[in-house]
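Undergrad: Got a structure for you, questions after.
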Amino acid sequence: MLFLRRLDRYVMGRFLSALTIALLALTVIFVLVHLMDHVDVYLDHEAPWPTVGRYYLLQMSYNTLLTLPMAVLIAAIISIGEMGRHGELTAMKGSGLSLYRITLPLIAFGLALTLGVLVLGETIVPRLNERANEVYEEEILGQPKDFEDFRGNFVYQNPEGYTYLVRSLFVNDSGGGTADQVEIQREMEDGTFVRINAPQMTWEGEKGLWALRNGEIRVFPGDASVPADSAAAASVAGDSVSAEDSAAARGTASPASATPVAADTAGLALDERMFTFALLRSPGIADSPQELLVESKDPEEMGYEDLVAYIRDRERLGADTRQEQVDLHMKVAYPFANFVILIFGIALVGSASHAGRQSATVGFGLALFLTIVFWGFLRVGQGIGYGGALPPSVAAWLANIVFGIVGLVLLARART
């Protein structure tokens, strides 16, 4: 037992040494490539180099997790290959140990690494990425922070079925906001369609409601009778608290304030009723300015649950969410790539009849080539998923599936 513990520590030591060197090298390469691609941006905006350094420091955790599967593959091939080249692997097998037992600590480490990456990807890394993007946009590009408090020409739908179409939305630091050229739509349960138009609405924080001014309510009946149209307008208007226009807003406007309009299309009578108002508040129109703002985030800035909620909101608006769904599955598939690629590396070296004769240079070259192939499968699967040719789950797991199947085949052929 003491021999096995010492052997496990020795095998893990060789692997961790190779992993550390590979991870540092790949991370530095990624940073240098990004730096060369963006150096003209930094110079054009006269960004202070300490700020640029802070930006890369904040992105270091993300870059590390991004390069980790490739570093694991390189470390597995080099460390096990080196033990085979020096006859250590043969000596271990000669003492009665199988390849599975020799590499058991690596397999356990691979599972622990996968779980660790999953946890980091849900907690620390998204926050650091969000902060890094803030540094890049505000301190390097010089975009004002107030830029995040405006949204123009957008559509928003809340869970109650109200759809906002807004020309421009401004949100101030105190949490208040105003919106211009607003249209709010809702289809009632009986098929009646209600549309509210107003040149402006203002958020009243103490009431938790939007106040729409000098607008109109149009009611397009479905199968309901004309009296039900007034009920629909009242349902949308809800609790209108302005005395001067409460009757109009509740759908019980006087003849002077209501303008019925009739149209005839293809012989079918379609009654449209219109009600004007000076001030309108409704419990159904109570989505805060921050909810309407809905700052768009990159998938790297969100955890799994945050991305699920983001996809749900976009689907409610009828938007195409294929890319986001692929990114959602990638949040699970990519951490598991560390375990899959480790099994593949062990199986590859264990099944190679020439593993004991290949040089360290050949082993490194093979590992580097396979990391490029793995990265290629990863990006191709992601691109195919974005295009809709594969289901999001298959596209995200494509690289893992291919390398996992090949690894299991090689492991079955390995001389254990």
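Please treat every number below as a calculation from the coordinates, not as lab data. Note that the coordinates shown come from a computational prediction; the quantities given were computed from them, not determined experimentally. A quick note on method: Cβ atoms are made from the backbone with ideal geometry, for glycine too, and the neighbour counts reach across all protein chains shown.
Undergrad: Once you have the Cα-Cα distance between residue 197 and residue 369, take 0.36 nm times their residue separation minus that, and quote the gain in nm to one decimal.
TA: Length gained, residue 197 through residue 369: 55.8 nm.
Undergrad: Still on this structure, I have one more. For a footprinting-style exposure proxy, rank 386, 10 by other Cβ within 10 Å, fewest first.
TA: Fewest to most other Cβ atoms nearby, the residues stand as 10, 386.
Undergrad: Right, here's the next one. How far apart, in nm, are two points set 7 Å out from the Cα along the Cα-to-Cβ line at residue 172 and at residue 138?
TA: Taking the two extended label points, one gets 2.0 nm.
Undergrad: Based on the Cβ-Cβ distance of residue 108 and residue 272, what FRET efficiency does E = 1/(1 + (r/R0)^6) give at R0 = 51 Å, to the nearest 0.05?
TA: Efficiency, from the Cβ-Cβ distance: 0.15.
Undergrad: Would you please give the FRET efficiency between residue 362 and residue 320, computed as 1/(1 + (r/R0)^6) with r the Cβ-Cβ distance and R0 = 41 Å, to the nearest 0.05?
TA: 0.30
Undergrad: What dipole magnitude, in Debye to the nearest 20, does the stretch 36-145 give about its Cα centre under +1 on Lys/Arg Cβ and -1 on Asp/Glu Cβ?
TA: 840 debye
Undergrad: Using every Cα-Cα pair within the stretch 1-100, state what percent have a distance larger than 24 Å.
TA: Tail of the P(r) past 24 Å holds 45 percent of the pairs.
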